[in-house]
Each structure stands twice: as structure tokens, then as C-alpha cells.
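Scroll down for the structure; my scribbles are underneath it.
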């Protein structure tokens, strides 16, 4: 349960949110044709006769598109319908050459499932929450209108016409922008783990239609609006917050919320009306006569299930069981590339807890400074495991490890080679350490007196001075033991 509420003149209002996420299926060909789907191609260079709706051209379903949608359904533990059917959604628009979109309204490929978002106290999600998924259906994308090519005309690019999409429809279970943001992030992670969508929202391969309504807590659902094609998590959250406030102000001023489709203007951070929201009967849905129903056999379903990787929730549970903190487990499983890199680090022999702390602080910090992704890390998992191993066996201290890591980033050399070359091995020579401790205590007699007088916080000062005198090469544990002895 969330405490998120919109405060109006007549009291508090609850926000009700549902999302329809359109995810482009990762395939080399379109849903019903062999045309390519690569991003960034020149306009109208990836269009088959089927995509252009030339007379007599018949659609042929792409098996891989169906397979990827089924695998996605299995990843969210949804019902997989062995029998499904394609329908025609009829409407006229310049980017839709057929005059209809092939979709699945009445008999979708995937039925009900769910996605669990983790607790996040800072974001206002006090406990894990299960958000229902109503369905996943497969449909073809439309083309794209280009309005900036000519002062008086618009052009049509049909490269996206016929591209395969999964429409993932949530139940109206979300009650705050934070929950919606967490849902989109978790769904995106699952899609990327499965490999059914690359999740690149900035390229349009994943976008959300945001349904928002408001009500007084406990009342029936209010009238909802739908804001189309929102292409970032931050914008999804902004749409919800802004649209909810707009609806509350409208109702409290005596107006009525109209069921309509709206667009989001990120420059002004506001939504504006686009058209009245149609109902299913306005589209005159009927079964597509050119396509037979899809019938899935047990062997196909078994192959889909066997191909699934370890998913974010299972991976997170494994990390927690290894002693990794909940925060680090969340960070490491949020992106599939990070999780794969970390698993490779563990496979190379690194200890889980120390490895997780190092990756989320040292490695991620360095990559951020360099403007790189973990998939482009200049240090490999095997090299990182070698560095962490030198710390674990006492060859170098944690402080020296930071220096070694920086040199690894600069040169690409291995940790052991750098330590040997630069003489960075840690010393546990008690005689050498005791000699430096004696010098530090002699040079700071006043602080020694203060320490013995009860100011025990000064112990850290003596440790720091000793380590500095030994250029960070002294074994910290030995330094602590010898200092305690010297200070009585």
C-alpha cells in the first residue's frame, strides 16, 4: 500500500494507473513479411510488398515473433494460450497502408500473469508489490509520418510498418508514479534478460501508453485518459503526476474528465488532448480472413520454456542467499549486462560479498567517470577476480587495491603484474611497522596523552599516520594490533 495521494480542495484523491507497454520483438524480420527491422535505416528502404499493402499480398506469421512472445509470457508466469487468433483493427490513417492493423483483441497469445516490484522506502514503495498483467498480444506496428521534410507536405516512412510488437497490458493495480516507474523498469529488465526486446526506449522499441484516473479512496474507478507513446521511465512518472493533478483540478472546479487520448509534451511537462478515446466497437474488429488461428503444441512450449535464462527475481534471490546486501542485489540485477558480468566475476573465483561491494562502488564509479557501459569495461571479470584475490590473500591492502585498479584502467595490465612491477605488496613485517609506530607516537606525544586520557577516537589518527608513513603498504590488521599494544 502506498501513501501517495493528490491533495485537492475537497480532500485527498487516489490515483489509479494502468500501463499498455508496446515492446518491439527482437527479430531480424517483421511479423508478417521478410523485410528487415534494423533501427536507423534510410526511409522506405525496409518495406516489402506485404508491408506496403500491395493488392494480393498475403501475410505469413514469423515463427520467431510468436516464440519470443511466448517466452516473455512464461517469464512473468502468465497463462499461455495454445489457441489464439489474429483480428483486424480497422481505422484510416496515412501511416497505415492496409487501412487496418493486424492485432489480437479477443483471443490473445498470452493471458494473465504478474510482475513483482521490490520495496523502495525512499521512492514510497514500502513493501514488495505484485502488479497484475492482463494479457500480452502480438500485433504489427504502423509506419511513421515525417512532418519536417517539407514546409507544406508530410511524408510517410513505412520502415516500421509491419514490425512485430508485443502489447503488454497491465491491470489498473498501480497507485503512484513510483510504482509505475518501478514496474516499467522491472518489465524492461525481464524483456532484456529473456532477449525478446532490447528495451531501448529512446529508439522507440519500448514505449508506454499511460492510463490515469483519480478517485476518492474507496470509490469506484473514475474516467480514465490515455497518454500515448511515452518513451522514458521519467516521462511515464511525469505524465502520471501531471495528469492526476489536472484531473483533480478539473473535477473540483465543476468539470468532467472526458475519456480521451492525450499526448505528452516533455518541453512543457504537460499533456494535451489529441482525440476522443475510441471503444473496441469503433474499430470494427473481426477475425483476419487471411490468417489461420495459431495452435501451439507441447513440444514448442517445452522448447520455449527450456530456453529461458535465470530471470531477475531468481538471480536476486541467489545473490541474497550468498550474503550480498539487498541494495547491491537490486543494483546488480537491474541490467542484464551487469548481472552477466558479475556472474562471470564469481565464476572466476571472486568472493560474492566483497565482489558485489567492489563492483557497485569501484567499478561502476570508474565506468561512470569514463562514460562507459559495463559491456565496454576496460577491465575484464577475470582481471577483476585477480585484483580481489590479491586483497583477499593479504598481498595488497584495500587502499593499494584502489591504486592498482586505476593503473589497470590506464594500461590494461593485470593486477599481479602491476603489484610486482611497482613494488606494491603489503608488508606484515612487525619490526618495520613497530619502528614506524614508535616514530608516529613520538611525534604526537600530546595526542598520545589525550588518547590515554580517554579520547579514544584518536586511535584512527594513529592508524592513518602509520599507514601514511608506510605508503599504504602496511597490513592494516597488523597495524591495529601493534598500535593497541604500543598505546597500552
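Scan the stretch 86-102 and give yes if some residue there is touching a residue at least 40 places away in the same chain (Cβ under 8 Å), under 21 Å from residue 132 (Cα atoms) and in contact with a strand residue (DSSP E or B) (Cβ under 7 Å, 6 or more places away or on another chain), otherwise no.
no
Determine which single condition residue 412 fails, assuming it passes every other condition in (1) in contact (Cβ under 8 Å) with a residue 12 or more places away in the chain; (2) in contact with a helix residue (DSSP H, G or I) (Cβ under 7 Å, 6 or more places away or on another chain); (3) surrounded by fewer than 17 Cβ atoms within 10 Å (Cβ to Cβ).
That leaves (2) as the condition not met.
Looking at residue 113, is it buried (at least 17 other Cβ atoms within 10 Å of the Cβ), touching a helix residue (DSSP H, G or I) at 6+ places or on another chain (Cβ under 8 Å) and in the same structural domain as residue 191 (by TED's automatic domain parsing)?
Considered against the rule, which asks whether it is buried (at least 17 other Cβ atoms within 10 Å of the Cβ), touching a helix residue (DSSP H, G or I) at 6+ places or on another chain (Cβ under 8 Å) and in the same structural domain as residue 191 (by TED's automatic domain parsing), residue 113 comes out as yes.
Within the stretch 422-437, count every residue that is more than 41 Å from the chain's Cα centre (by Cα) and either in a helix (DSSP H, G or I) or touching a residue at least 24 places away in the same chain (Cβ under 8 Å) (or both).
Number of matching residues: 10.
Quick one: which strands (runs of 3 or more DSSP E) sit completely within the stretch 164-240 and have at least 3 residues that are modelled with pLDDT of 95 or more and within 18 Å of the chain's Cα centre (by Cα)?
Filter on the stretch 164-240 gives 164-170, 206-215.
Can you name the residue in the stretch 242-283 that is in contact with a helix residue (DSSP H, G or I) (Cβ under 8 Å, 6 or more places away or on another chain) and surrounded by fewer than 13 Cβ atoms within 10 Å (Cβ to Cβ) and is also farthest from residue 15 (Cα to Cα) among such residues?
Going through the qualifying residues, I end up with 269.
Please pick out the residue among 440, 404, 478 that is part of a helix (DSSP H, G or I) and either more than 44 Å from the chain's Cα centre (by Cα) or more than 30 Å from residue 349 (Cβ to Cβ) (or both).
Just a single option satisfies the conditions, and that option is 440.
Kindly evaluate residue 372 against the criterion of being more than 25 Å from residue 480 (Cβ to Cβ), part of a loop (DSSP other than H, G, I, E, B) and out of contact with any strand residue (DSSP E or B) (no Cβ under 7 Å at 6 or more places or on another chain).
Taking the combined requirement at face value, the residue satisfies it.
Among the residues of the stretch 284-338, which ones are at positive phi and touching a helix residue (DSSP H, G or I) at 6+ places or on another chain (Cβ under 6 Å)?
323
Can you tell me which condition residue 387 does not meet? The list is (1) assigned to a helix (DSSP H, G or I); (2) under 30 Å from residue 348 (Cβ atoms); (3) not assigned by TED's automatic domain parsing to the domain that holds residue 338, and all the others hold.
The number of the failed condition is (3).
So residue 459 clears everything in (1) without any contact (Cβ under 8 Å) to a residue 24 or more places away in the chain; (2) surrounded by fewer than 16 Cβ atoms within 10 Å (Cβ to Cβ); (3) assigned to a helix (DSSP H, G or I) except one condition, right? Which one?
Condition not satisfied by residue 459: (1).
The values are calculated or read from the model by the stated rules, or taken from the named source; none is laboratory data. Owing to the predicted nature of the structure, the values given are computational and were not obtained by experimental measurement. Please note: Cβ atoms are built from the backbone with ideal geometry, for glycine as well, and neighbour counts cover all protein chains shown.
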